[in-house]
Structure formats: C-alpha cells, structure tokens
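Worksheet for the structure shown next.
The values are calculated or read from the model by the stated rules, or taken from the named source; none is laboratory data. Fair warning: this is a prediction, and the values are worked out from it, not measured in the lab. All Cβ positions, glycine included, derive from the backbone under ideal geometry; neighbour counts span all protein chains shown. Note: accessible area is taken over every heavy atom of the protein model, side chains too, but ligands, DNA and RNA are not part of it. Shrake-Rupley method; radii C 1.70, N 1.55, O 1.52, S 1.80 Å.
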Amino acid sequence: MASLKALKLRIGSVKSTQKITKAMKTVAAAKLRRAQDAALAGRPYAERLEAVMASLASKVVISASSPKLLTGTGKDDRHLLVVVTSERGLAGGFNTNIVRAARRRADELIAAGKSVRFYIVGRKARAAINRYYPKLTLHDHDMSQAKTARFEDAHAIAQDLIARYEDDRFDVAHLFFSRFQSALVQEPTEKQLIPVPLAKGAAQAGSAAAVDYEPDEEAILADLLPKNVAIQIYGALLENQAGFYGSQMTAMDNATRNAGDMINRLTIQYNRTRQAAITTELVEIISGAEAL
Amino acid sequence: MPLHFELVTPEKLVRSEGVYMVTVPGTEGDFGVLEGHSPLVSTLRDGDLLVFVTQAAQPATIRVQGGFAEVNERGLTVLAERAE
C-alpha cells in the first residue's frame, strides 16, 4: 500500500492538474463565444458567394479561354488535399477527426491510382500527415504567428494555391476542416476547392434566363474566382477556430471532472490508510501497556 | 411585391429585407434594381449604396467597398468586402 506521504503528494498533484484544466476550460469557453460569433457571422457570405459561383459556373459558356479555376485542367489525376487543423492540442479528437477524414479520402484516391499530395495548414496536421504519408507534403503553411483566423492568412494561402494551380502542379484541390455545429459537435468536412464545383442541376442551365455581365463575364470571373477560393479558406479557418475552442472546452471539462473523481478516490484511500496506521499504533501502545 | 435585398460582408450579414428599390454603384455606372429586374452580375466600385425602403421614403446610404452584386429571380444580393 502506498505510504501516506506518497498519497498526499499524489492528491496535491492531481489538484494542481485540475486547476489547470479548469482554467483552460474557462479560457476556451470565453474564446469560444467570440470565435463562434465570428464563424456564424462569416457563414452567409461564404454561402452566398458559393451559390453565386455555382450558378455563374453553370451559366457561363465554357470555351478555351475560360479561366482554368472554373473549368479545371481537364484531368483528374493529381489531387491536392488541403488539411486545415489547429495550432494547438488538448482539444479531444478535434484534429484527429480532421486528419482521419483526409486520410480516408487520400487512401481512396491512392487506391484509384491517383497521385495525392498534401498542403498543410496548422501545426497539428503536420505530424500526423508526415507519419502516414511521408514525403507527400507539398507545402506546410505556418500559422503559429496567427492568434485568430485572419483574412490575410486565408488570402495568402489562396494566392499560393492559385499560383501552384496556374503552374500546373495539381488538377483538383480538396479542403478539409471541421464544421462547427455546436460546442459539443464538430463535423469533419470535405469541400472541393478547385475547380469550382458545379451547381446541382447544372444540366438544364441552358434554359435559365440570360444573365447580363458588367463589365464582362471574363473580368467578373477573373475577379471572383480567386476571391471565392480565399473566402472558402477563410470560412474554414473561422469554423475550425470555433470548433477547436468548443472541442477544447469539452475535453477540458471532462478532464476536470475526471480529476475530481480521482481526488475523491485518492482521498478515501488516504483516510483509510491513515486510520489503519492509527489503529496499528493504538494496538501497539495497548499491548505495550499490558506487557508491563 | 418588394425586392428582396441582401447585403453581406465576410464578417456578417448586414441587411436582409424586402425593399422597394436599391441603387448600386457598379463598375460601369450606377444602376437601380427594382423587383423583377433581369438577371445581372456586376462588380462594384467603392461608392454609396442607396436603399429605398418604400417608394416615397428617403434613401438610406450604405458605403460599400469592393465586391459584386448579383440579381437573380430571388432578388438582389450585394457581396461587399466592406460596408458601413
């Protein structure tokens, strides 16, 4: 049986761990509020832009001069998986779930004989992806300086992706992130980033009314397509951030509760040991007295 | 039948309501949008968006920067990079 002193030390250490997890939970809860507001407020724009892009893509007459971001390279061989995770851990299965979704997709693509590369955003994906798919990482975007999701980051990533695309380095880009549903539920999500996914029912696009374009179709598309990529990434960053804090809050709440249970158990054990020691001591004194 | 008008920025949904008419600062000149306008997509220049809630009302002015406007059968959507 553990000595009294060891038990006491153990209780002390679990208590200080509990203090830390409790503080982390409180901080995560406070940050969650802000991140959640930002994510929810950012959704309409991303959704509307996506809708406009999709309807535009289905209406535009595709010709040889159409931008490649819209029409694709005409091939489907080289896939780029953009995996967005958080910079920090201690958030339960948050990052693992995103990586798992990306891995499932990657394995499918590899099995179908496609070539797969990774574009990593956020520190947590790095280790996991490098372990499962060594030497497949195309680029690793360092986000360690960013405290919150910023549009500039999304813009920089989008610029980089588009430059690589124009350079004919890949055919299709998929975006992996976690969609924020509530503090308890985050859903790993996959989205096709490049080329723009066509709206469902694009087949009957011909019957839709002719749309006027000002200044002209190509100028608008040239302006919109890169913007769309940036906004989709920005949306992913926002959603991820909210999801991360939600997940961290839940994980830390569980940790605090577990620490509490552990303290109770250890305290009971401590008290029992103490009583046993006292009883032994009494027996010794009494038998000593009797011997006189 | 009012025109369904939405003004959205990356940060938030600024407006979503039924209005009488909106004047939009397009790259190639301002244009007014009423209910039943033909489908149109236009980029925006930095300028003022005039929102007429009813035919007689004084317009509300919203300053917008960058972005574009789309008119379709459901109404007018202005996606601006900034609005105030």
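Take the residues of region A:1-17 that are part of a helix (DSSP H, G or I) and touching a Ser or Thr at 6+ places or on another chain (Cβ under 8 Å): which is nearest to A:Ala259 (Cα to Cα)? That would be A:Ile11. Counting the residues of region B:45-63 that are within 11 Å of the chain's Cα centre (by Cα) and aliphatic (A, V, I, L, M) gives 4. When the residues of region A:86-118 are filtered to those that are among the polar types (S, T, N, Q) and in contact with a strand residue (DSSP E or B) (Cβ under 7 Å, 6 or more places away or on another chain), the one that is surrounded by the fewest Cβ atoms within 10 Å (Cβ to Cβ) is A:Ser115. Scanning region A:157-181 for residues that are open to solvent by 50 Å² or more (accessible area, probe 1.4 Å) and in a helix (DSSP H, G or I) returns A:Gln159, A:Ala163, A:Glu166.
Set side by side, the residues B:Leu7, B:Leu3, B:Leu44, B:Leu50 differ, and just one is among the hydrophobic types (A, V, I, L, M, F, W, C) and open to solvent by 50 Å² or more (accessible area, probe 1.4 Å), which is B:Leu50. The requirement of being surrounded by fewer than 16 Cβ atoms within 10 Å (Cβ to Cβ) and either charged (D, E, K, R) or within 23 Å of A:Ile220 (Cβ to Cβ) (or both) is not satisfied by B:Gly18. When the residues of region B:58-82 are filtered to those that are farther than 12 Å from B:Val24 by Cβ, modelled with pLDDT of 85 or more and not in a loop (DSSP other than H, G, I, E, B), which remaining residue is nearest to the other protein chains (Cβ to nearest Cβ)? The selected residue is B:Gly75. Among the residues of region A:248-265, those identified as within 20 Å of A:Arg10 (Cβ to Cβ) and in contact (Cβ under 8 Å) with a residue 24 or more places away in the chain are A:Ala255, A:Thr256, A:Ala259, A:Gly260, A:Met262, A:Ile263.
Pairs are defined by a Cβ separation below 8 Å, a sequence spacing of at least 6 or placement on different chains, a first member in region A:270-292 that is surrounded by 10 or more Cβ atoms within 10 Å (Cβ to Cβ), and a second member that is among the charged types (D, E, K, R); the pairs so defined are A:Tyr270/A:Lys8.
Considering only region B:1-25, state which residues are over 22 Å from A:Glu47 (Cα atoms) and within 12 Å of chain A (Cβ to nearest Cβ). Result: B:Pro25, single match. The single residue among A:Lys75, A:Lys19 that is loosely packed, with under 15 Cβ neighbours inside 10 Å and modelled with pLDDT under 90 turns out to be A:Lys75. The numbered conditions (1) open to solvent by 20 Å² or more (accessible area, probe 1.4 Å); (2) more than 14 Å from chain B (Cβ to nearest Cβ); (3) touching a residue at least 40 places away in the same chain (Cβ under 8 Å) are all true for A:Ala125 except (1). Looking at the structure I just gave you, is A:Lys147 assigned to a loop (DSSP other than H, G, I, E, B), closer than 27 Å to A:Val27 by Cβ and without any contact (Cβ under 8 Å) to a residue 40 or more places away in the chain? Judged against the criteria, A:Lys147 is a match. Of all the criteria given as (1) more than 14 Å from chain A (Cβ to nearest Cβ); (2) under 11 Å from the mean Cα position of the chain (by Cα); (3) among the hydrophobic types (A, V, I, L, M, F, W, C), the one not satisfied by B:Phe31 is (1).
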